[in-house]
Amino acid sequence: MPHAIRIHETGGPEVMRFEAVEVAPPAEGQVQVRHTAIGLNFIDVYDRSGLYPQKEYPAGLGREAAGVITALGKKVRGFKVGDRIAYVGPPGAYAELRNVPATLPVKIPAGVSDEQAAVLMLKGGTACYLLRHTYRVKRGDVIVVHAAAGGVGSLLAQWGRKLGATVIGVVGSAEKVAPAKKNGCKHVLVRGRDDVPAEVKKLTKGVGAHVVYDGVGKDTFFESLDCLRRRGTLATFGNASGPVAPFAPAELAKRGSLFVTRPTMMDYTATRADLEAVARETFAAAKKKWIRAQINQRYKLEDAAQAHRDLESRKTTGATVIVPA
């Protein structure tokens, strides 16, 4: 019988259980996937903790994975048994075997490994929509990337540099400066050591950045606003430190008529055409070697709780893969 990680209540990593589960044949419009690699993301922590409540319990965790199609439900078109696929979907990817709607997967092109695909679907797709759609980065732009040694941050830095931007990375410790520079950051600042807004203004001759990509949330929100130039854009796309508190729009006016957006992958891949476009652009960047997820940690599926502990304590760098047995 296949196994999966499930939670019966919200809480810390201790609520995660490695359990045998029954997986029925795929229903109409579904494909059955044997996972080969599963991506670890901070959104998994939100699902586990209850920040993003699930509909019922016990519930699964994990939103992105790669694998091989083992069975097709009725009326599924465009896929066949044996296809290598990757997807982002509702929680439940921490599993050896799973049924998912056939609207979710995309085929993995030759030249992209299952592990790369598993971590590029959400993290790479996020970097894609942020850089190419939320704020379309162009040559000569100055961009600030928080958590520049992390999963999404490392891809934003790599891709941003290839687009011709000057990338200023922000990291949480001195140990992460070297990885961030390797990812493509021209300058790297350390929160807690450097006055980030002041240093950004100094590096830009007092003008500020065109855009800040901030997945940290509450702890860095106003700091990010203070890094921007007049009419600059803040894309606050994550809540690693907690959700941003309500703020007065006048805060944007007094800093130079700033723009703030709270984008999500769901809205940028809302249609099948949108999904395929983001996946195509992301995998193309990977094949051109513009981006590569640095997979620095691998955990067995039964050790997923430890993966969560390490992620939350900022012990991980780059991307992390959970590997089914």
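The values are calculated or read from the model by the stated rules, or taken from the named source; none is laboratory data. Every value quoted in this text rests on a predicted model; they were computed, and no experiment measured them. Because the Cβ atoms are built from the backbone with ideal geometry, glycine has one as well, and the counts that use them run over all protein chains shown.
Within segment 54-78, the set of residues being part of a loop (DSSP other than H, G, I, E, B) and under 16 Å from Asp114 (Cβ atoms) comprises just one member, Gly62. Every condition in (1) surrounded by 24 or more Cβ atoms within 10 Å (Cβ to Cβ); (2) out of contact with any Phe, Trp or Tyr (no Cβ under 9 Å at 6 or more places or on another chain); (3) of a type in the set (S, T, N, Q) holds for Ser113 except the one numbered (1). Number of residues in segment 85-96 that are over 21 Å from Arg48 (Cβ atoms) and surrounded by fewer than 19 Cβ atoms within 10 Å (Cβ to Cβ) equals 0.
This table checks each residue for (1) closer than 30 Å to Ser241 by Cα; (2) out of contact with any strand residue (DSSP E or B) (no Cβ under 7 Å at 6 or more places or on another chain); (3) of a type outside the set (Phe, Trp, Tyr); (4) at pLDDT 95 or above.
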| residue | (1), (2), (3), (4) |
| --- | --- |
| Ile43 | yes, yes, yes, no |
| Lys55 | yes, yes, yes, no |
| Gly82 | no, no, yes, yes |
| Leu122 | yes, no, yes, no |
| Cys128 | yes, yes, yes, yes |
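Results for (1) among the small types (Gly, Ala, Ser); (2) over 23 Å from Thr220 (Cβ atoms); (3) in contact with a His (Cβ under 8 Å, 6 or more places away or on another chain); (4) buried (at least 16 other Cβ atoms within 10 Å of the Cβ), shown as yes or no for each residue.
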site	(1), (2), (3), (4)
Lys254	no, no, no, no
Val260	no, no, no, yes
Thr264	no, no, no, no
Asp267	no, no, no, no
Thr271	no, yes, no, no
Leu275	no, yes, no, yes
Ala284	yes, yes, no, no
Lys287	no, yes, no, no
Ile291	no, yes, no, yes
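Residues that are surrounded by fewer than 23 Cβ atoms within 10 Å (Cβ to Cβ) and more than 15 Å from the chain's Cα centre (by Cα) within segment 226-240 comprise Asp226, Arg229, Arg230, Arg231, Thr233, listed in sequence order.
Taking only segment 130-155 into account, find how many residues are more than 30 Å from Gly192 (Cβ to Cβ) and either among the aromatic types (Phe, Trp, Tyr) or within 16 Å of the chain's Cα centre (by Cα) (or both). Break it down stepwise before answering.
Step one: list which residues in segment 130-155 are more than 30 Å from Gly192 (Cβ to Cβ), which gives 132-133, 136, 138-140.
From the residues that got through so far, the ones that are either among the aromatic types (Phe, Trp, Tyr) or within 16 Å of the chain's Cα centre (by Cα) (or both) too are 132-133.
Final tally of qualifying residues: 2.
Residues in segment 304-323 that are modelled with pLDDT of 95 or more, crowded, with 17+ Cβ neighbours inside 10 Å and within 19 Å of Thr36 (Cα to Cα): Ala304, Ala305, Ala307, Val321, Ile322. Exactly one residue out of Leu130, Leu155 is at negative phi and either outside the structural domain of Ser224 (by TED's automatic domain parsing) or touching a Leu at 6+ places or on another chain (Cβ under 6 Å) (or both), and it is Leu130. Taking Pro197 as the residue in question, decide whether it is of a type outside the set (Phe, Trp, Tyr), in a helix (DSSP H, G or I) and modelled with pLDDT of 95 or more. So Pro197 fits the description; yes. Tally the residues that are part of a loop (DSSP other than H, G, I, E, B), free of Cβ contacts under 8 Å to residues at least 24 places away in the same chain and not charged (D, E, K, R), restricting the search to segment 174-194. Looking only at that region, the number is 1.
Scanning segment 200-227 for residues that are assigned to a helix (DSSP H, G or I) and either within 15 Å of Gly169 (Cβ to Cβ) or outside the structural domain of Arg255 (by TED's automatic domain parsing) (or both) turns up Val200, Leu203, Thr220, Glu223, Ser224.
Being outside any strand (DSSP E or B) and touching a residue at least 60 places away in the same chain (Cβ under 8 Å) is the filter; apply it to segment 26-40 and report the residue that is nearest to the chain's Cα centre (by Cα).
The first filter runs over segment 26-40 and keeps only residues outside any strand (DSSP E or B), leaving 26-29, 40.
Next, from what is left, pick out any that are touching a residue at least 60 places away in the same chain (Cβ under 8 Å): 26-27, 29, 40.
Working: Pro26: 28, Ala27: 29, Gly29: 27, Leu40: 9 Å.
It comes out as Leu40.
State yes or no: is Leu72 closer than 19 Å to Gly39 by Cα, in contact (Cβ under 8 Å) with a residue 40 or more places away in the chain, surrounded by 14 or more Cβ atoms within 10 Å (Cβ to Cβ) and assigned by TED's automatic domain parsing to the domain that holds Val33? No: the conditions fail for Leu72. Taking segment 1-25 as the range and being in a strand (DSSP E or B) and of a type in the set (A, V, I, L, M) as the test, the residues that pass are Ala4, Ile5, Ile7, Met16, Ala20.
Strands (runs of 3 or more DSSP E) wholly in segment 239-325 with at least 1 residues that are touching an Asp or Glu at 6+ places or on another chain (Cβ under 9 Å) and touching a residue at least 40 places away in the same chain (Cβ under 8 Å) - which ones? Even if it seems obvious, please write down each step before you answer.
Values: elements: 259-261, 295-300, 319-323.
Strands (runs of 3 or more DSSP E) meeting the threshold: 295-300, 319-323.
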